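Below you'll find the structure, written out as structure tokens, and then a few comments.
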Amino acid sequence: MAEIEKQRVGGIDIYDYTENGFMPAMKFGSWRVAYLNHDDCFDEKNFVKLEKHLETDEVFVLLEGKATLIIGEEMTRIEMEQHKVYNVPVGVWHHIFTTEGTRVLIVENEDTGMDNAEFLFV
């Protein structure tokens, strides 16, 4: 199983994750920072559902590659730009499409998961 790479340099921790899929990098208190690297489940041809979180906003930052946020039941497409911060407020339907080589950073509550999310199958 793939793991986060962690280094300690000059008193700070440095994290990286280069495998496919979602992987939390670190957590502190009630929040976590995670990587979302392209995987087949984020390919547009495999799109089956929107999700919304019931207890947290979710922040996306495109690090490299191409990604599109799908927002609301209207499925508004937002083409992401690298290094901009995209905040999806609590209760907003969303999904993300990525292409091969895409890396996205995510910030959200540490306990975000199936127990506090809803899904809308399309």
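Descriptive notes on the structure:
- Descending semi-axes in whole angstrom, ellipsoid equivalent of region 1-68, from the Cα gyration tensor: 25, 17, 11
- Using the Stokes-Einstein relation with a Kirkwood hydrodynamic radius computed over Cα pairs, the translational diffusion coefficient of region 65-122 at 37 °C and a viscosity of 0.692 mPa s comes to 257 µm²/s.
- Of interest is the spacing of the C-alpha centroids, which for region 1-48 and region 100-121 amounts to 11 Å.
- Phi-derived couplings, Karplus 6.51 cos²θ - 1.76 cosθ + 1.60 at θ = phi - 60°, listed residue by residue for region 72-78: x, 5, 6, 6, 5, 9, 10 Hz, with x used for Gly and Pro.
- Between 96, 106, 56, the Cα set farthest toward the positive side of the dipole of the chain (charges on each charged residue's Cβ, about the Cα centre) is that of 106.
- Unit charges on C-beta of K, R, D, E only; dipole of the chain, Debye: 240 debye
- Two-decimal Rg/Rh across the chain, once Rg and the Kirkwood Rh are taken from alpha-carbon atoms: 0.96
Coordinate-derived values only; no laboratory data. Computed from a predicted structure; not experimentally measured. Using ideal geometry, Cβ is built from the backbone for each residue, glycine included, and neighbour counts are taken over all protein chains shown.
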